[in-house]
1. Would you list which lysines come within 23 Å of K170, measuring only between C-alpha atoms, while excluding same-chain residues fewer than 8 positions from it?
2. Given 0.36 nm per residue, what is the gain on full extension from F171 to T337 after removing their alpha carbon distance, in nm?
3. Hey, rough spin-label estimate for E194 and E328, points 7 angstrom out along Cα→Cβ, what's it come to in nanometres?
4. Let me know the shape class of region 264-383, please: from the alpha-carbon gyration tensor, a ≥ b ≥ c as square roots of the eigenvalues, rounded when a/c is under 1.5, otherwise prolate if a/b is greater than b/c, or oblate.
5. How big is the C-alpha Rg of region 288-346 next to the rule-of-thumb value 2.2 N^0.38 Å, as a ratio?
6. When we measure straight from the Cα of K324, which lysines land under 17 angstrom away, once same-chain ones fewer than 8 places off are left out?
7. Applying 1/(1 + (r/R0)^6) with R0 = 45 Å to the Cβ-Cβ distance of M254 and A36, what FRET efficiency is obtained, to the nearest 0.05?
8. Using just the C-alpha positions of region 212-331 as equal point scatterers, what log10 of I(q)/I(0) does the Debye formula give at each q in 0.16, 0.20 1/Å?
Amino acid sequence: MKMRGLSLILALVFLIAAAGCGGGGGSSAPAADKKAKLTVAMVNPLTGDAATYGVSHKNGFELGLAEINKAGGVKGQEIELLTHDDAGDPKQAAAGAQKFADMKSVLAVVGSCLSSNTLAMVPITDKAKIPHSVISSSSSKLSGMSKYFFRMAVQDDKVGGLMVDLSQNKFKPKKMALLYLNNDYGKGLLASIEPQVKKYGITMTSAQTYLATDKDYSALLTKIKAEAPDVLLVGSTYTDGGLIVKQAREMGLMMPIVGPTGLYSPKYMEIAGKAVDNSYFLGVFVPTNPDPKVQEFVKKYKEKYGMEPDTFAALAYDQAYVLKDAMEKAAAKGAITRENLLEAMAASGYKGITGTVTFDDKGDWVRPYLFVTVKDGKFVVAQ
């Protein structure tokens, strides 16, 4: 009886297993699993004083990813974005980089917008051998710091010189004065400004520093007013730059004011108000560019976020496509891995709304820059 019972049980198990295999009797096979998503991680200041930069970066990047995924992603795989808010703190940025470096599913890291934060991240992403790209972080210390690091931004040891070059081409000044942040960023600007000023035979009447926490620049501007330079250079972000320009105009300093890419933000116009007239800065993107690709991006950005995109948003949008392009090239080699992605990033030649993205042997973007100004409340290329 025991043997007979056991035989019946085994027969029943066999029948159940056979039914589960879905023979030709009309049973449907289990649905295939969806393809795993390709994961990219972002570390940026999404709160705090620098949140405007971080949020613009996130918005532009997410807009690009949404388009890419809607069009089928990379060979049918969607790209997902994980985020970590560093709140402008290098320690938080390092923590975010370590968290994502330890996640084997993360193929690439983007951010931070701030040089100090990115400097804290690169040793971690380098050790993890994970491709790491930024759209700002201009510290000269980052050049060649890691073969895994790529920068879609002008570096400090070049931006100051470009400010002088563009000023010389447009204004032919005999005298210049400089106000700059007393940090690595500002010092990098000064180092690249000095040789260009000497090259053109321009007299630097003064080079004064201020702290990021300063709000009153009247003493510094009083000295500059007495010197009467033809151009005032400012090495600042949009917050302090906006206040400097506003206070300068209130004190009667009406000369052209020239700054770096950091001034290129709607927040700069908001802070400075009408004082933005006759101010200029470096740029790679203007929303008034009639190029159809640019206008399509501006339209989509406005529809999604209710505001005009700034340089950070435009660069981030291109950054998403640079990564997508690199992933497709890596996939052609059989697998999208961190190492294959590194090789593809280094060979980038993506043509985006901010120009063609190519990197030199130090991971820095090779490209020309625009001289941007404000006209009728809009950013335009200076004529």
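1. Partners within reach: K158, K198, K199, K225, K246, K274, K375, K378.
2. On the way: separation 166, 0.36 × 166 = 59.76 nm, distance 5.00 nm.
Stretched out fully, the F171 to T337 stretch lengthens by 54.8 nm.
3. Label at E194, label at E328, 4.7 nm between them.
4. On the way: a/c = 2.84, a/b = 2.05, b/c = 1.38.
Prolate.
5. Details: Rg = 14.9 Å, N = 59, 2.2 N^0.38 = 10.4 Å.
So region 288-346 has a normalised radius of gyration of 1.43.
6. Reachable lysines: K35, K37, K58, K70, K75, K333, K351.
7. On the way: r = 60 Å, r/R0 = 1.32.
Efficiency, rounded to the nearest 0.05: 0.15.
8. Treating every Cα as an identical point scatterer, log10 I(q)/I(0) equals -0.81, -1.06.
Quick note: the coordinates plus some simple rules give every number you see, no bench work behind them. It should be emphasised that the depicted structure is a prediction, and the values quoted were computed from it without experimental measurement. Cβ coordinates were reconstructed from backbone atoms using ideal geometry, including for glycine residues, and neighbour counts include every protein chain displayed.
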